[in-house]
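Input: a single structure, listed below in structure tokens.
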Amino acid sequence: MSLASIPSTGTFSDSKRHYAILDGLRGVAAMMVVVFHMFESHAASRYEQIINHGYLAVDFFFVLSGFVIGYAYDDRWGKMSLTDFFKRRLIRLHPMIVIAMIIGAVMFYFQGGSTFSLVNDTSLWQMLLILLIGITLIPVSPSMDIRGWAEMHPLNGPAWSLFLEYVANILYALFIRKFSNTVLAILVFIAGCTTIHFAVTNPTGDMIGGWSLTAEQLQIGFTRLAYPFLAGLLLSRLIKTVHINNAFFWCSLILIVVFSIPRIGDATTHWMNGLYDALIIIFVFPLVVFIGACGEMKTVISEKICNFLGNISYPIYIIHYPFVYTYTAWVHNNKVSLSEGFPIAIGTIIVCVILAYACLRLYDIPVRKWLTNKLVSSRQP
């Protein structure tokens, strides 16, 4: 099977045609968040962070998720049960969660030091217990932290966004799919207002957060989830595509610029950066998804690029952070400067890409195909 024929949606031969450009844009955003996390290790503060707004990639993923879920499933509920829907989503998402947690466990004891103060004091049975819980994607409380960052998934921090993705999928299947466009539009408006209010009043002046099982972090997480997912879903219902030339190029450029913009304002004007975050989430990301959905692949090369980026986007997002933990520990334990660590950082990113592709081809695709054949009814559309 050629790379171009690998379905990125994970539902294989019975899937609707997917938007190749949106797949590619998901890959662009995934690569930007990997770079953001790698160079975050050298940032002494939010103001010095390279790829400063790379954290917004998660919000872009939620917009894409809402759009793709609506496109793929809104018109199938007459022929598909709740059980079938949940099976499909688990098959799509969970195999990579399992391997990502295992990678996090294998690398865990290479990350001890001042930055991750609890690693060296964590027994093997404690780590294995967190691994077993992490494989289920059930979040753990700060009292069960084994790293020192109070993450709900201490072996692989970004899994918090997959936890919220599961919540969104459950709410969509049970309730949201039944909402009329009018009701959905009202909810989108309310969620947008909530996003702006939170962003400009948040003391940190940004939308960073959502990874801990505390009231404050859950508020951030669900605020980040609500508008993007609902807006993406509404867009999938209302979109009337037009032809837009060079859509992948322009959308990729927009995302790269948006994520790379330096921190806005200073310690006395946090609201300015918060407002930037909110406006990007509310207006720019849905616009990028719209443009991407309206574009077409004109050349074989562009199609292959989009397919490759789309196919590795989820694997690299979910497996890269154990390498970030390890790189961060090395940087802080040895007081490594950015110029000294740059070659290692680039090499680590390359390793993440190679490993993500290997996980995709050797593990994720075969496992999802096997599970689909075993668990999904052949009568499903």
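So for segment 198-218 (the condition being surrounded by fewer than 22 Cβ atoms within 10 Å (Cβ to Cβ), in a helix (DSSP H, G or I) and touching a Ser or Thr at 6+ places or on another chain (Cβ under 7 Å)), does at least one residue qualify?
Yes; the residues of segment 198-218 include at least one that is surrounded by fewer than 22 Cβ atoms within 10 Å (Cβ to Cβ), in a helix (DSSP H, G or I) and touching a Ser or Thr at 6+ places or on another chain (Cβ under 7 Å).
Applying the selection to segment 219-245, what residues are in a loop (DSSP other than H, G, I, E, B) and not charged (D, E, K, R)? Quick ask: steps written out before the conclusion?
Of all residues in segment 219-245, those in a loop (DSSP other than H, G, I, E, B) come to 239-245.
Answer for segment 219-245, where residues must be in a loop (DSSP other than H, G, I, E, B) and not charged (D, E, K, R): 239, 241, 242, 243, 244, 245.
Among the numbered criteria (1) surrounded by fewer than 22 Cβ atoms within 10 Å (Cβ to Cβ); (2) over 30 Å from residue 154 (Cβ atoms); (3) touching a residue at least 60 places away in the same chain (Cβ under 8 Å), which single criterion is violated by residue 295?
In the conditions (1) surrounded by fewer than 22 Cβ atoms within 10 Å (Cβ to Cβ); (2) over 30 Å from residue 154 (Cβ atoms); (3) touching a residue at least 60 places away in the same chain (Cβ under 8 Å), residue 295 misses (1) alone.
Tell me, please, whether a residue that is without any contact (Cβ under 8 Å) to a residue 40 or more places away in the chain and within 25 Å of residue 214 (Cβ to Cβ) can be found in segment 81-89.
The answer is no, given that none of the residues of segment 81-89 is without any contact (Cβ under 8 Å) to a residue 40 or more places away in the chain and within 25 Å of residue 214 (Cβ to Cβ).
Looking for whichever is free of Cβ contacts under 8 Å to residues at least 60 places away in the same chain and farther than 26 Å from residue 73 by Cα here; the options are 305, 319, 346. Which one fits?
Working: 305 fails: free of Cβ contacts under 8 Å to residues at least 60 places away in the same chain; 319 fails: free of Cβ contacts under 8 Å to residues at least 60 places away in the same chain.
The match here is 346.
Do the conditions hold for residue 82, that is, is it surrounded by fewer than 17 Cβ atoms within 10 Å (Cβ to Cβ), of a type in the set (A, V, I, L, M) and modelled with pLDDT of 95 or more? Please lay out each step first, then the result.
Working: surrounded by fewer than 17 Cβ atoms within 10 Å (Cβ to Cβ): yes; of a type in the set (A, V, I, L, M): yes; modelled with pLDDT of 95 or more: yes.
In short, yes.
Report yes if residue 102 is touching a residue at least 24 places away in the same chain (Cβ under 8 Å) and crowded, with 21+ Cβ neighbours inside 10 Å, otherwise no. Full working, then the answer.
Details: touching a residue at least 24 places away in the same chain (Cβ under 8 Å): yes; crowded, with 21+ Cβ neighbours inside 10 Å: no.
Answer is no for this residue.
When you look at residue 276, is it closer than 30 Å to residue 138 by Cβ and either at pLDDT 95 or above or β-branched (Val, Ile, Thr) (or both), yes or no? Explain how you work it out, then say what you get.
Working: closer than 30 Å to residue 138 by Cβ: no; either at pLDDT 95 or above or β-branched (Val, Ile, Thr) (or both): yes.
For residue 276, the condition - closer than 30 Å to residue 138 by Cβ and either at pLDDT 95 or above or β-branched (Val, Ile, Thr) (or both) - is not met.
For the condition farther than 24 Å from residue 334 by Cβ and surrounded by 21 or more Cβ atoms within 10 Å (Cβ to Cβ), what is the one hit in 68, 140? It would help to see each step written out before you state the result.
Values: 140 fails: surrounded by 21 or more Cβ atoms within 10 Å (Cβ to Cβ).
68 is the lone residue from the list that is farther than 24 Å from residue 334 by Cβ and surrounded by 21 or more Cβ atoms within 10 Å (Cβ to Cβ).
The values are calculated or read from the model by the stated rules, or taken from the named source; none is laboratory data. The model shown is predicted, which means the values in this text are computed figures rather than measured ones. Using ideal geometry, Cβ is built from the backbone for each residue, glycine included, and neighbour counts are taken over all protein chains shown.
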